[in-house]
Number of protein chains: 2
Amino acid sequence: MAIAKTAAFSKKEQEIAAFAKAIAHPARVAILKVLAGKTECVCGQIVDVLPLAQSTVSQHLKELKAAGLINGTVEGPRSCYCINWKAFEKFRNEFNSLFDTLQVKNNSCC
Amino acid sequence: MAIAKTAAFSKKEQEIAAFAKAIAHPARVAILKVLAGKTECVCGQIVDVLPLAQSTVSQHLKELKAAGLINGTVEGPRSCYCINWKAFEKFRNEFNSLFDTLQVKNNSCC
DNA sequence: CAGATTAATCGTACTTTTACGATGAATAAG
DNA sequence: CTTATTCATCGTAAAAGTACGATTAATCTG
């Protein structure tokens with residue numbers, strides 16, 4: 001990237017970008033869907049569903065967790081993940097807020 | 001990336017991920033805000049506002065255009081960009097649809 | 001036509017992301 | 001206690017992303 005200029009932008013812009021980055025990979029979207037669809041928390045089942053190696057899935061989970069979108073707790077030899085609905089709701093609002101902001105002036109000249 | 005596994009996921013997942021990727025950088029979020037805030041189409045003004053070099057801004061614009069989020073037309077020696085509201089609305093809906101899908105079963109066990 | 005302006009593209013450098021296999025740590029099962 | 005299971009982490013490799021300066025192409029201006 002040659003020295004990230006991220007810090008030069010507003011906090012809001014950085015937040016939205018970070019959230020978008022978290023879901024900017026089909027594997028992570030798929031993981032979220034799996035987590036949302038199960039009643040109980042899942043872990044290795046995700047690996048079975050996705051066309052990726054275990055280590056790669058673990059990496060994606062780590063990123064989702066770092067973004068605050070999911071929670072993870074250790075349950076014996078296995079890890080239990082689930083969606084952090086609070087954070088999700090927050091981002092949903094932030095997203096719609098961005099959309100609203102953009103659409104206040106709906107002028108398309110080209 | 002070592003051979004992208006993108007193709008192994010559903011089209012919807014790919015679409016959402018691609019859109020998220022487009023706004024997964026604060027500079028691109030900022031660009032969209034600038035475009036939305038102006039009545040007339042802008043081009044080089046974006047460079048003045050952002051803390052980035054002209055070539056870098058041009059690159060970001062290219063990505064936004066490739067994602068279908070903005071339109072661009074050449075106007076003499078300068079280029080005129082503006083938001084593709086139709087695509088934006090589409091993605092807004094797709095996004096809310098994803099949120100809804102995820103929140104159908106709101107079970108958090110951890 | 002000559003020079004200035006605007007913006008795309010090229011070349012380059014460096015960082016980050018994506019992906020895998022292998023290893024390691026923790027716990028469950030025998 | 002030994003073995004199997006589950007998952008995180010490490011090391012590595014390759015691809016993509018980010019950023020810049022320089023160059024180029026197009027078009028205005030004088």
* **Estimated 222 nm signal from helices in chain B, with DSSP H stretches of n ≥ 4 weighted -39500 (n - 2.57), rounded to 500** => -17500 deg cm²/dmol
* What are the residues of the stretch B:55-104 that lose 30 Å² or more of accessible area, with a 1.4 Å probe, going from their chain alone to all protein chains? -> B:82, B:85, B:88, B:92, B:95, B:96, B:98, B:99, B:102, B:103
* residue B:84 long-range amide H proximity, modeled H, under 5 Å -> B:70, B:71
* If you build the Cα gyration tensor of chain A and take the root of 5 times each eigenvalue, what three semi-axes come out, in whole angstrom, biggest first? -> 31, 16, 14
* Could you tell me the total accessible area buried at the B-A interface, probe 1.4 Å, in square angstrom to the nearest hundred? => 4700
* Structure fact -> Phi-derived 3J(HN,Hα) across the stretch A:87-94 with the Karplus relation (6.51, -1.76, 1.60, θ = phi - 60°), rounded Hz, x for Gly and Pro, is 4, 5, 5, 4, 6, 4, 5, 4
* To do: Roll a 1.4 Å probe over the protein heavy atoms and report the accessible area of residue A:3 in Å², nearest 10.
  => 150
* To do: Write out the GluC sites (Glu not before Pro) in the stretch B:5-110 meeting two conditions: DSSP loop, and at most 10 other Cβ atoms within 10 Å of their Cβ.
  => B:40
* Structure fact -> Largest first and rounded to whole Å, the semi-axes √(5λ) derived from the alpha carbon gyration tensor of the protein assembly as shown read 35, 17, 16
* Asked: Cα-Cα over 30 Å: which of A:62/B:38; A:38/B:65; A:90/B:11; B:5/B:33; A:38/B:12; B:11/B:86?
  -> A:62/B:38; A:38/B:65; B:5/B:33
* Asked: Once phi is turned into θ = phi - 60°, what whole-Hz ³J(HN,Hα) does the Karplus curve with 6.51, -1.76 and 1.60 give for every residue of the stretch B:48-55, x standing for Gly and Pro?
  -> 5, 7, 8, x, 9, 6, 4, 5
* Using the heavy atoms of the protein chains alone and a 1.4 angstrom probe, what is the accessible area of chain A per residue in square angstrom? -> 52
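The values are calculated or read from the model by the stated rules, or taken from the named source; none is laboratory data. Not measured: the values here are computed from a predicted model. As a convention, Cβ positions derive from the backbone with ideal geometry for all residues, glycine included, and neighbour counts pool all protein chains shown. Only protein heavy atoms, including side chains, enter the accessible area calculation; ligands, DNA and RNA are left aside. Shrake-Rupley method; radii C 1.70, N 1.55, O 1.52, S 1.80 Å.
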